[in-house]
Amino acid sequence: MGWWQVNADTLARSRFVLSPLAETFASLKLLHAGAGAHPGEHAWLRAHLPGYRAGLAADPVTALLVRAGLGRSWIADFLTPTPHAGETFEQGVARVRAADPADARAHLRMSLAGPLPAALDRDDLPERAAALLEYVWETAVRPSWERRRHVLEADVVARTAQVGRGGWAAVLDSLRPGTRWLGENRFQVNAHEYPPREISGAELVLVPVTPTAGWVSWEGRERYAVVYPCAGALAGDDRERAAPAALGALLGPARASVLVLLGQGPLSTTQLVALTGQRLGSVGRHLRVLRDAGLVERRRAGRSVLYSRTGAGEVLVGASDPGTGSVQPPGPGVVRPFPSPAPGRRVGPDRA
């Protein structure tokens, strides 16, 4: 197993970071796999996989780059720069584009665990990788980024509350399959037989993504990141959170959406604010009305107050027509060629 030696100071300074670039790369991994883990991913793939595959078919060099870069148990380092807090997608992808071509080829040899195919012995690999990530961002991630960001913020709220209840060990144990707090300052980051790394004194960031994907990366010995899939109950698509029209007409659309969201399991007020985009005061008023009507109940879990649907709330939502007013399934994806590298331009890993 691969594990890191982490002292108490490093854990105390660790923090959660949202990264549009990590979200985009996780989406690229999902497109490459071509299969999803939950209904939201299935619908997203139906919408975007045809265009992605058509683009790769028209650009065999980039297709080979993707297969080589994702590897079997190691991602080429230059594809996954360690996320920085507050970094935009454009700033993140600029770091991919700025990778040294010789380093990119070396990283691909590492991910392949063997020689580099002749077709990839070229200097435009960072530019091609950046162009592909820009394609995935613009066509498949950016249109839903605000919703994804709300989901990611809700996951961070839940994990932060978990730190208060069970300490960092409880959080690290549940990030993704393969992560576990081993005790004696050892954090298992994957199940592979990689040499342990001493990261005490470094910056450690935890980065949620909505696709079912995960990896680790680092910059020298100064910055380390664990990218993990957010909680499954929060990762579904908009259709799983849309209130039926009949329920919206009865309760009001905003209040109905809160009641529907509580079907995913107990949620705090802060999580509901992140998921709905409504103001804290509005969510609080909706919860109070729903609770007075016997549709919602609350309970305390440590320092958090969690809300969930009562039996009456379940019956009311179940009796609503689930097809009315829901978001329609996405249509076929737009087929668009990947941008070509600029003529003459020279341009840490899943260490999973």
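Tabulated data for the structure shown
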read-out	value
Probe 1.4 Å, all protein chains present, accessible-area order of TYR194, TYR52, largest first	TYR194, TYR52
Backbone HN-Hα couplings from phi across segment 120-137 [Karplus 6.51/-1.76/1.60, Hz, Gly and Pro as x]	9, 8, 8, 9, 9, 5, x, 5, 5, 4, 5, 5, 5, 5, 5, 4, 5, 4
Label-point separation in nm, ALA191 to ARG13, each point 7 Å along Cα→Cβ	3.3 nm
Phi to ³J(HN,Hα) by Karplus 6.51 cos²θ - 1.76 cosθ + 1.60 over segment 91-106, Hz, x for Gly, Pro	5, x, 5, 4, 5, 5, 5, 7, 4, 5, x, 5, 5, 4, 5, 5
Å² per residue, accessible surface of the chain at 1.4 Å	44 Å²
Per-residue SASA entry for TRP3, accessible area with 1.4 Å probe, Å² rounded to 10	60 Å²
Cα-derived Rg over Rh, computed across the chain with Rh taken as Kirkwood radius	1.01
Projected-area mean, segment 92-209, by convex hull of Cα positions, square nanometres	10.1 nm²
Euclidean distance of C-alpha centroids, segment 197-226 and segment 16-70, integer Å	21 Å
Structure-based [θ]222 nm, the chain - -39500 (n - 2.57) summed over DSSP H runs of at least 4, per residue, nearest 500	-14000 deg cm²/dmol
Whole-Hz ³J(HN,Hα) from phi, Karplus 6.51 cos²θ - 1.76 cosθ + 1.60, for segment 308-313, glycine and proline x	8, 6, 7, x, 5, x
Per-residue SASA entry for ARG122, accessible area with 1.4 Å probe, Å² rounded to 10	80 Å²
Label-point separation in nm, VAL61 to ALA113, each point 7 Å along Cα→Cβ	2.9 nm
Nonlocal amide H pairs with ASP124, under 5 Å, H built at 1.01 Å	none
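The values are calculated or read from the model by the stated rules, or taken from the named source; none is laboratory data. These numbers come from a predicted model, not from an experiment. Virtual Cβ from ideal backbone geometry, glycine too; neighbours counted across all protein chains shown. The protein model used for the area step is the full one, side chains on, heavy atoms only, and it has no ligands, DNA or RNA in it. Shrake-Rupley method; radii C 1.70, N 1.55, O 1.52, S 1.80 Å.
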